[in-house]
Each structure stands twice: as C-alpha cells, then as structure tokens.
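Engineer: The structure under discussion is supplied below as structure tokens; questions concerning it will follow.
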Amino acid sequence: MNSRDDAPREMPKALVEDYLQQEAGTRAFLDDLQKLAAEGRHATVRERLREFAEHSQGVFFAVALSLGGSAQFFADVEAQMDVETGQKLRDLKETYGTLADEFSIVRSERTKERHNPVTSLSTATTYQDEEEVPMVDYTPLSGDVELYEGRESPEEVLQIAHFLVRATTDALDVALENGQPVNTEELSALIDRREELESELGTLRDQIDELRRTPVDE
C-alpha cells in the first residue's frame, strides 16, 4: 500500500497543497458526483471515487478529511498553512457534504482494506399465502449503494446469518491459532455485536415457542 495512504494525520499540508493545485478541476468533479448522486446513480459515484483515490490520492484524502469534518484536521491545516485555506476546506463540507459517506467508505477501502462495507439494511415483510410462509425482502446498503436485492423466507435469511457467523468464528479461530492480536476497539465492538445477537436470538426463541403452541389449520 502506498505510504500516502497513512499520511492524512501526519502531513495534512502536503495533502492540502495537492488539492489547491487542482482545486478548480476537483470542484468540477465533485459537482459531477453530486449530479450523479441526485440521479440515483450511486454505484457510478462509488466507482468514480475509487478511480479518484487511485489516481489523485493526495487530493482524495484532503477532500475526504474535509467532508468528514475533523476538527483536528482543520486545526492542523490552519496551524501549518493559514486560516483562509482552512475556510476553503470547510466550504467543501458545506457545499459537498452529501458526498461525505461515500468518501468515508472509499477511504476505509483504501486504508483498512475493506470493500463495500454494509452500513445499513433496507427490509420489508410480506406473506405468501400458498406456502403459509412470511417473506423478507432485504437490500444490503453500502452508503447509498444497493449491493443486491433478496427475497427469502425467515429460515433462508437465518441460513445466511449462520454462514456469516460461521465465517466470523473461522476468522477468529485463525487469529487465535496464529497468535494474531485483535485490537481493543474491534474486540469491544465484537462483544457489543455478540450481545445484540443474543438479544435477538432470545426474541426469536420466544416467537418460535409461541408458533409451536399455535394450532395449524389442516
């Protein structure tokens, strides 16, 4: 990975200088991205941002940090450069703030080796009378990008959940076997997610017990 990937906190001045050299073209690019987003072409926005991060890395990070609104970043810029430059970057946030999530996701891909991280899940429920089965419509979202659409029964949805939990335990097994540490932030979040799962499984257990007690018309 290019050393500039880890540069934002260490060298904001160099990043911002990259941006200032390409300010007009960058703002035109951001205008185009906003137009694409307004048209609902979020996957295109994501791909263009990936290309931007690949070919104009310093400018990408300068914009990403500006849209992220980091107070420390703005303070560092003003300390290393001047207040006017800091205001220019704050204006990016005011003008292009709707692109902040997409920049954040692509930045995470660049610096943390993530890919299309799921940030939310759109769901709806229906009922299939012939089979007497509830149905779940779901769409995993990465920012505003719809990754795919699914429609399955509760059992089938839980099968996917089982696959993902098993993949998680496999990953942790490998880390434990190889003596690879898991940082405190990740471990704390992992504990929170486990507790959330246990709570939802408790609700599921109660619902299944109630369904067992409910007479089924033959």
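The values are calculated or read from the model by the stated rules, or taken from the named source; none is laboratory data. Note that the structure is a prediction, hence the values are computed from the model and not measured. For neighbour counting, all protein chains shown are included, and Cβ atoms are generated from backbone atoms with ideal geometry for every residue, glycine included. Only protein heavy atoms, including side chains, enter the accessible area calculation; ligands, DNA and RNA are left aside. Shrake-Rupley method; radii C 1.70, N 1.55, O 1.52, S 1.80 Å.
Engineer: With Kirkwood radius over Cα pairs in Å in mind, check (i) 21.4; (ii) 18.2; (iii) 20.8 and report the label derived from this structure.
Structural biologist: Here the calculated entry is (iii).
Engineer: Can you tell me, using C-alpha contacts under 8 Å and at least 6 residues apart, the relative contact order of segment 18-136 as a whole percent?
Structural biologist: 22
Engineer: If each DSSP helix of 4+ residues adds -39,500 (n - 2.57) and the sum is divided by the residues in the chain, what number results at 222 nm, nearest 500 deg cm²/dmol?
Structural biologist: About -21500 deg cm²/dmol.
Engineer: Distance check, please: which entries in Lys35/Lys93; Lys13/Lys35; Lys13/Lys93 exceed 21 angstrom between their Cα atoms?
Structural biologist: Over 21 Å Cα-Cα: Lys13/Lys35.
Engineer: Same structure, new question: Using Cα-Cα distances under 8 Å and only pairs 6 or more residues apart, what relative contact order does the chain have, in percent?
Structural biologist: The value is 14 percent.
Engineer: Do you know the relative contact order of segment 133-207, to the nearest whole percent, from alpha carbon pairs under 8 angstrom that are 6+ apart?
Structural biologist: Rounded, it is 17 percent for segment 133-207.
Engineer: According to the square roots a ≥ b ≥ c of the eigenvalues of the Cα gyration tensor, what is the shape class of segment 105-218, taking rounded for a/c under 1.5, prolate for a/b larger than b/c otherwise, and oblate for the remainder?
Structural biologist: Because a/c hits 1.5 or more and a/b fails to exceed b/c, segment 105-218 counts as oblate.
Engineer: A further question follows. How far, in nm, would the chain grow between Asp209 and Glu78 when pulled straight, counting 0.36 nm per residue and subtracting the alpha carbon separation?
Structural biologist: Fully extending the segment from Asp209 to Glu78 adds 41.0 nm.
Engineer: Of Ser153, Leu197, Ala171, which is farthest along the charge dipole of segment 144-200 in the positive direction, counting Lys and Arg as +1 and Asp and Glu as -1 at C-beta?
Structural biologist: Ala171
Engineer: Provide the per-residue ³J(HN,Hα) series for segment 67-84, in order, calculated from phi with Karplus coefficients 6.51, -1.76, 1.60 and θ = phi - 60°, each as a whole number of Hz, with x at glycine and proline positions.
Structural biologist: Computed from phi, the couplings for segment 67-84 are 5, x, x, 5, 4, 5, 4, 4, 5, 5, 4, 5, 6, 8, 10, 6, 5, 4 Hz.
Engineer: Now, a different point. Ignoring ligands, DNA and RNA, what percent of the accessible area of segment 152-217 is carbon or sulfur (1.4 Å)?
Structural biologist: Looking at segment 152-217 in its full context, I get 56 percent from C and S.
Engineer: Using a 1.4 Å probe on the protein heavy atoms, what percent of the accessible area of segment 67-125 belongs to carbon and sulfur?
Structural biologist: Roughly 45 percent, rounded to a whole number.
Engineer: Still on this structure, I have one more. Where only protein heavy atoms count, and the probe is 1.4 Å, what is the accessible area per residue for the chain in Å²?
Structural biologist: Per-residue accessible area for the chain comes out at 66 Å².
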